[in-house]
Amino acid sequence: MKNDKSTALLNEYDRIVPGGVHSNFRRPVYFKKVQGAYLWDVDGNEYLDCVINNGACILGHGDPQVAAAVTETMSNGLTVGLESELSLEVAKQLHEMIPSAEQVRLANTGTEAVMKALMVARAFTGREKIIKVEGCYHGWFDEAQVSVHPDPQESGPADAPIPVLETSGIRHNTTESVLVVPFNNPESLERTLEANKDQVAAMIIEPVVLNSGCIMPQPGYLAEVRRLTEKYGVLLVFDEVITGFRLAPGGAQELFGAVPDLSTFAKAIANGYSLAALAGRKDLMELTRPGRRLTYGGTYNGQYSALAAASVCLRKLKDGTVQKHLDTIGRTLCRRFEREAAEVGVKARIYQCGGEFQIYFTDREIKDYRDACSADQDSYRIFFETVSDKGLWMSAGYLFHHGLTYAHGEAELDKIITAFRAGLEAVRAFQG
Ligand code: PLP
């Protein structure tokens, strides 16, 4: 693909904006228009989007009803810093949709909502430690930046991982208060809880580990996590920043029937507008009430354009039609990919939930982070380069999650599969 204009922009602005991007998870390709399932960059290239704003876009880009609500709502001049009836209505929508949401408060990003959840958990229990799962991502603050994608050589045994700092610039003693467990391994969790009795405030988990691609919980695993955390008096936080509203109108907690104490939402809540929420048990959420000791602030909390988007988006997500479509096309994508991979003769696995999917070049079943990161990175790189050339917008990260929206239909599936076929053939040629 021709990328002259993007390259020129990068060359001009790299000295001002490091790398030419405002998030290290983005590529320096500059866009001027998006609609439905498609993107157009400044060079005039058209892409079929499989990244969908890192999972934030659930209805498709520029959903007309969302866009109209935002335009209309903005005409009264409200932006931030004042409450409005709309902020209460959106909270009520969330309360009605999410099984565990006795109370709700808004924030702007997933990171903020998770930070608040952990503050509430520490304040409630008076304990310091947090348990997180190896391979899960919960944002870019200190505790979240432990063992996201650690080098397995440096992170101890698979069933007893040691916490590894993910980035420079965070407190070295962060690893003293963050314990790490493998996904889908209740025995390891119980050992960790037992060894740290009365010290752990909360366990935080992505109910489906989308930040290592797409790792599904094994039957009964989340129920066991719920049972064990309850047994040890540890609060359970579901990070539903991606699973929220995709797997079911009430998120993963509705689909899997495991009810957390607190949960965090963002991304699909407002179809890509910046809004997040912390939801949970009344006695926990009450700690954030004005006048109590726990600070709950944020100039941009409940900003008006995002509220307008959320009120329409949530209305559309409430009856399950969108989720049914995502599940159907997600499953069809998997079936068709598996058929192509078998025909071409490449060992690959594909997993999906709610239209979020990832492909791993391995024949090993993916049950946890160690399985995911043992997949062949070079084959993924070849696949990525080939499908990108065919006009798919994908991520170069072999542990990234991809996704589909309500705007992806049969025609888009056909295009994706055509590109995937070419990608598989390139991998076959590469593997020899
Ligand atoms: N939690 C999960 C599961 C996420 O996937 C992300 C972002 O990708 C976050 C938290 C952080 O959200 P944000 O990027 O809005 O700060």
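What follows draws every value from the coordinates through simple rules; no lab data is involved. Since we're looking at a predicted model, the values are computed, not measured. Virtual Cβ from ideal backbone geometry, glycine too; neighbours counted across all protein chains shown.
Brief remarks follow.
- Extreme residue, farthest from ASP151 (Cα to Cα), among residues of the range 353-397 that are part of a loop (DSSP other than H, G, I, E, B) and among the polar types (S, T, N, Q): SER395
- Scanning the range 113-147 for residues that are near the ligand (Cβ under 10 Å from one of its atoms) and part of a loop (DSSP other than H, G, I, E, B) gives CYS136, TYR137, HIS138, GLY139, TRP140, PHE141.
- Of the listed requirements (1) within 16 Å of the ligand (Cβ to nearest atom); (2) of a type in the set (A, V, I, L, M); (3) closer than 28 Å to GLY397 by Cα, ALA158 misses just one: (1).
- Test result for LEU106, within 23 Å of SER305 (Cβ to Cβ), within 16 Å of the ligand (Cβ to nearest atom) and either over 21 Å from the mean Cα position of the chain (by Cα) or crowded, with 20+ Cβ neighbours inside 10 Å (or both): yes
- Candidates ILE329, ILE350, filtered to the one that is more than 30 Å from LEU235 (Cα to Cα) and assigned to a strand (DSSP E or B): ILE350
- None of ILE329, ILE350, ILE416 is crowded, with 23+ Cβ neighbours inside 10 Å and either closer than 21 Å to GLU240 by Cα or touching a residue at least 12 places away in the same chain (Cβ under 8 Å) (or both) except ILE416.
- Only a single item in (1) more than 23 Å from the chain's Cα centre (by Cα); (2) surrounded by fewer than 22 Cβ atoms within 10 Å (Cβ to Cβ); (3) farther than 13 Å from LEU48 by Cβ is not met by GLY391, and it is number (3).
Per-residue answers, yes or no, for (1) more than 16 Å from the ligand (Cβ to nearest atom); (2) charged (D, E, K, R); (3) in contact (Cβ under 8 Å) with a residue 12 or more places away in the chain:
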| residue | (1), (2), (3) |
| --- | --- |
| ILE16 | yes, no, no |
| ASP41 | yes, yes, yes |
| LEU48 | yes, no, yes |
| VAL51 | no, no, yes |
| ALA69 | yes, no, yes |
| VAL80 | yes, no, yes |
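- Considering residues of the range 161-171 that are among the hydrophobic types (A, V, I, L, M, F, W, C) and away from the ligand (no atom under 16 Å from the Cβ) only, the residue nearest to GLU230 (Cα to Cα): ILE162
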